[in-house]
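The block underneath contains the structure these notes are about, expressed in structure tokens.
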Amino acid sequence: MAAEDDVVLSVRNLQTVFHTDRETIRAVDGVDFDVRKGETVGIVGESGSGKSVTARSIMGLIESPGEVLSDSSIKLNGEELTEYDEKQYQHVRGSGIGMVFQDPQKSLNPVYTVGNQIMEALEVNQGLTGEEARKEAIRLLERVAIPDAPRRLNEYPHEFSGGMRQRAVIAMMLACDPEFLICDEPTTALDVTIQAQILELLQDLQEERGLSILFITHDMGVIAEIADRVNVMYAGEFVEKAPVEELFANPRHPYTEGLLGAIPGEQIAGEQLRTIEGDVPTPNEPASHCRFAPRCPEAFGACDAVAPQHVQVGESDDHTAACLLYPDEEPEDRRVERHRELAAADGGENE
């Protein structure tokens, strides 16, 4: 575990639910993770696994019929954000946490110039106005590698390409001067060349400003490029956690193995691309079994009756998996009993 004074964001037992007329959807169901100063932590998984809801929960953007349950804890530099009212949270979104969304078009107002929007962020968060704000906006556009920044400042979002719009959004986030940045699939809509440029830009900004980054994606290749540590998410839960190099070299959860096996280019010549059959389920009740079991090639009887808990699966404490296959040096009955005991203890702690 990271030293307490080294942790910028600490999330414990995060539970975000959505109430409907028929059921309660447990979109995020008890996830724990830390993000340390200057590092990038990834969350990866299929669409519908709960990645974006995790990000919006941290940002305080869950609205009715959604709810972050009271047992959840989200701490930024030791401050409990779940206790904040909307006014307090608004300040955090401006100066503490910045967020870059998947579609930059939705983050930019189409009726204002890009310059207007960056200068507004500078005024609200840094108190800059007039010519001083304009000069700083130009500097920020230049910093994110937008050419001819003084002219671009007066253009509207529709006059920018997709990659340029994403750069402009990053410039707006820098105007807020955050210390923690959430990137929610920021390169998904971009071609591979522009994607590589955006990733390089984020890494440069991180080194320059000491930013901590939570990077959310379904693309394992992007995770390999940018993350220091990875959380693999499935149906609202983290199923494997590891340093990025260890995850790729030694994946242990069957779901992680499936994701890595589905990366194009990893197959032997003539071999078909591997797929994970089936769909991510909608979790509508507390976990009482392995949610991946219906799609898992390694599933056995107990997987339908016992909720797997995180146990160490690598050389260090940093590599864990929630799977009844582990600890693999133990016989099956002892493994199952260990997970059953851990689940009971965890349930008692959360009551």
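Quick notes on this one:
- Residue match in the range 188-199 (condition: at pLDDT below 90, outside any helix (DSSP H, G or I) and within 28 Å of Ser72 (Cα to Cα)): no
- Taking every residue in the range 160-180 that is surrounded by fewer than 21 Cβ atoms within 10 Å (Cβ to Cβ) and assigned to a loop (DSSP other than H, G, I, E, B) and pairing it with any residue that is modelled with pLDDT of 90 or more and among the polar types (S, T, N, Q), at least 6 positions away or on another chain, the pairs with Cβ-Cβ distances below 7 Å are Glu179/Ser212.
- Test: residue in the range 91-98 that is part of a helix (DSSP H, G or I), assigned by TED's automatic domain parsing to the domain that holds Gln166, in contact with a Cys (Cβ under 7 Å, 6 or more places away or on another chain) and modelled with pLDDT under 90: yes
- Filter pass, Ala168 being in contact with a Phe, Trp or Tyr (Cβ under 7 Å, 6 or more places away or on another chain) and over 22 Å from Val244 (Cα atoms): yes
- Met119 falls short on exactly one of the conditions (1) surrounded by 18 or more Cβ atoms within 10 Å (Cβ to Cβ); (2) in contact with a helix residue (DSSP H, G or I) (Cβ under 6 Å, 6 or more places away or on another chain); (3) under 21 Å from Cys183 (Cβ atoms), and that condition is (3).
- Checking each residue in the range 291-307 for being over 22 Å from the mean Cα position of the chain (by Cα) and assigned to a loop (DSSP other than H, G, I, E, B) picks out Cys296, Pro297, Glu298, Ala299, Phe300, Ala305, Val306, Ala307.
- Qualifying residue in the range 62-69 (condition: within 20 Å of Gly210 (Cα to Cα) and surrounded by fewer than 21 Cβ atoms within 10 Å (Cβ to Cβ)): no
- Out of Ala224, Ala242, sole residue that is without any contact (Cβ under 8 Å) to a residue 60 or more places away in the chain and either surrounded by 13 or more Cβ atoms within 10 Å (Cβ to Cβ) or not in a helix (DSSP H, G or I) (or both): Ala224
The values are calculated or read from the model by the stated rules, or taken from the named source; none is laboratory data. Because the structure is a prediction, the values reported are computed rather than measured. Using ideal geometry, Cβ is built from the backbone for each residue, glycine included, and neighbour counts are taken over all protein chains shown.
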